[in-house]
Each structure stands twice: as structure tokens, then as C-alpha cells.
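One structure is given below, encoded as C-alpha cells.
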Amino acid sequence: MRILLTGRGGQVGAELARMLEGVAATDRAALDLADAEAIRRVIRDIKPEVIINAAAYNAVDRAESEQELALRVNGAAPGVMAEEAKRLGALLVHYSTDYVFDGAKGSPYVEGDAPKPLSAYGNSKLEGEERVRASGCRHLILRTSWVYGPRAANFYQVIRRKAQAGEPMRMVDDQTSVPTSSTFLASHTAILLKAGATGLLHLVPSGQATRHEFACEVVRALRSASRVDPARTADFPTAARRPVYSVLDNRRVVDLLGRPLPDWRELLR
Ligand SMILES: NC(=O)c1ccc[n+]([C@@H]2O[C@H](COP(=O)([O-])OP(=O)(O)OC[C@H]3O[C@@H](n4cnc5c(N)ncnc54)[C@H](OP(=O)(O)O)[C@@H]3O)[C@@H](O)[C@H]2O)c1
């Protein structure tokens, strides 16, 4: 299977490049998603059977002041990939986010729930989803949340550094979602590909956590003596608004695979 992968240097892209065979893996230098013509050129050149778009503009706060760029990379680019996938009869695998929801539901979001982003980032990711769907190409959109892993600067790495230094920390306890390891996300993308899954799926481990609970679990796993004090989102003003509750319901994936998904705590350890 000929696969074109974007975002090779990202958390999920790096894991996918490691796990999948027959992958033409690109980074920003090889393929800038802000350049629609470059996207068309590379896809027409490689003629992939599967395109996996693991690249994204992920700077949630910066997106508030860079809305146009966020829309180009997260909205327009997947649309161009989808048009090209349609021409080739290829499958487009694309990632989206729990931040397409406003968090008001208060119980896990299913695929059929109406999105209502609170931020420019969430807006741009929803635009990407809509363009992929509207293209009519064969697609698999995987919404996920709170991705962390061994690479890149992410909230896990910040907590780990503090925990290893024995430093105290304050973490908000009024944002709840599902921490998702990049390894889980990449391996389950491969499993869903093999299973022939298409459409929109919520792909997260089982369970849920506040950022405070996640930090406590990291500290425990590292046997650190660091104290983790609870804080409120309002204590750390940010440019972008985040949903207070954006747990994604993974039941559709569970039914498709015929087995439960591991709990995020197990994956963290
Ligand atoms: N991280 C999360 O918490 C989270 C939560 C929900 C959903 N998701 C979604 O999951 C997917 C994978 O996320 P991730 O955490 O693996 O992302 P990541 O680690 O931030 O990696 C994103 C990659 O995209 C690349 N990129 C950014 N702008 C680009 C451009 N204009 N052209 C080409 N490449 C560009 C980055 O390259 P540079 O290094 O050069 O910038 C980076 O390699 C994304 O669709 C993301 O929106 C992530």
C-alpha cells in the first residue's frame, strides 16, 4: 500500500512513520500545507492509495491572532488533499479534535453531537472536517484529545520535568478530557486502516481526567515527591477559550474492533 504521510516530525506523525510500511513521509520542508499548489503537486507525483494527514496548526492560543494561517493549514489544506484523494480514488485519513465542542453537554460527546467550537483553533479544525466530508472522497476522520508522547513539548513533558525535579505544580481541575498517547493513536490508526474503517470516529483511550488528575498520575508513575495543587482555568488566563468538558465517547471504535480500548492510565504507565 502506497501511503503519503504529512507531519512526519509531529507526535503522531513520527509514530506513524515508525509503524507503517511503504510510507512517503513528509515534513514542512518537503510539503508546506499552507501551499495548496504544493499539496496538489506532491499528491499527483506520489499517487498514494492512502493519504494520512498528521500535520496541523496546533498552537491553540496563537491561532487566535493567526486565524488565517490556522484556517489555511487546518481548513483549506485537508480540503485540497480530499479533492486530490477523490481524483485518485485514495483514502484520506485526517485527525480532528475534541475542541470542536464547547463542553456544555457535560457527558461524553458522540460522533453525532453538533460541534460548536469556542476557539479559532477549534473553528479551523471543524472547517477541515467539513471540507473533507463535502469533497465526497473516501475518508476516515479521527477526532482525538490531549495528545502527549515522548517527543515534542507537550503538557506531559512539562509535568514530567517538574516531577523529576521534585518541583511543586498547580494544575487546573476544571478541564476534563481524555489524555491520549501518541503511540496509542498511531497504532489504532493502523488497526482501523486494516479494518477498513471509514467515516467519523472518536479515537481516545477509555476513561477521563482533569489536567490535575493527569498530573497526579504522572507524578505517581514517576514516584516523585512533587506536590500537585489544584487550580482553576481562570487562574491562568489564555488567549483561547477551552471547553470545560470535552470527553469523546469511543464506543463506536470499541464496537468496530469488538474489544474495549485501554484506559489512559494504563497507557501512561
Ligand atoms: N496535540 C494535541 O493535544 C491534539 C489534540 C487533539 C487533536 N490533535 C490533532 O491530532 C493530529 C496530530 O497532532 P500532533 O499532536 O501529532 O501534532 P504536532 O506534534 O503538533 O505535530 C504537527 C506537525 O504538523 C507540522 N506542521 C505545522 N504546520 C505545518 C505546515 N504549514 N506544513 C507542514 N507541516 C506543518 C508540524 O511541523 P513543525 O514542527 O515544522 O511545526 C508538526 O510536525 C493533528 O491533526 C492535531 O490537530 C492534537
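The values are calculated or read from the model by the stated rules, or taken from the named source; none is laboratory data. This one's a predicted model, so the numbers in the text were calculated from it and none came from an experiment. Neighbour counts are summed over all protein chains in view; Cβ atoms, including those assigned to glycine, are modelled from backbone coordinates with ideal geometry. The protein model used for the area step is the full one, side chains on, heavy atoms only, and it has no ligands, DNA or RNA in it. Shrake-Rupley method; radii C 1.70, N 1.55, O 1.52, S 1.80 Å.
Rg over Rh of segment 46-182, using C-alpha atoms and the Kirkwood radius, what does it come to? Walk me through the numbers on the way to the answer.
On the way: Rg = 16.7 Å, Rh = 16.4 Å.
Result for segment 46-182 is an Rg/Rh of 1.02.
With r defined as the distance between the Cβ atoms of ARG269 and ASP229 and R0 fixed at 22 Å, what FRET efficiency is calculated, to the nearest 0.05?
Plugging the Cβ-Cβ distance into 1/(1 + (r/R0)^6) gives 0.45.
Taking the convex hull of the alpha carbon atoms in the chain, what volume per residue do you get, in Å³?
Dividing the Cα hull volume of the chain by its residue count gives 119 Å³.
In Å², and per residue, what accessible area does the chain have when probed at 1.4 Å with the other protein chains present?
Normalised by residue count, the accessible surface of the chain is 45 Å².
For VAL147, list long-range residues whose amide hydrogen, built 1.01 Å from N in the peptide plane, is under 5 Å from its own amide hydrogen.
Amide H neighbours of VAL147: THR180.
Quick one: which residues, 5 or more positions from ALA55 or on another chain, have an amide H under 5 Å from its amide H? H modelled 1.01 Å from N in the peptide plane, none for Pro or chain starts.
THR6, GLY7
Quick check: residue separation of SER107 and LYS86 times 0.36 nm, minus the Cα distance between them. What number comes out in nm?
Extra length available between SER107 and LYS86 comes to 4.0 nm.
Of the accessible area of the chain, with the probe set at 1.4 angstrom, what percent is carbon plus sulfur?
Looking at the chain in its full context, I get 49 percent from C and S.
What is the magnitude of the charge dipole of the chain about its Cα centre, with +1 placed on the Cβ of each Lys and Arg, -1 on the Cβ of each Asp and Glu, and no other charges, expressed in debye to the nearest 20? Each step should come with its number before you reach the end.
Details: 37 positive and 32 negative charges, 114 e Å.
Dipole magnitude for the chain comes out near 540 debye.
Over the Cα atoms of segment 160-236, each weighted equally, I'd like the Debye log10 I(q)/I(0) at q = 0.15 Å⁻¹, rounded to two decimals.
Result of the Debye calculation: -0.65.
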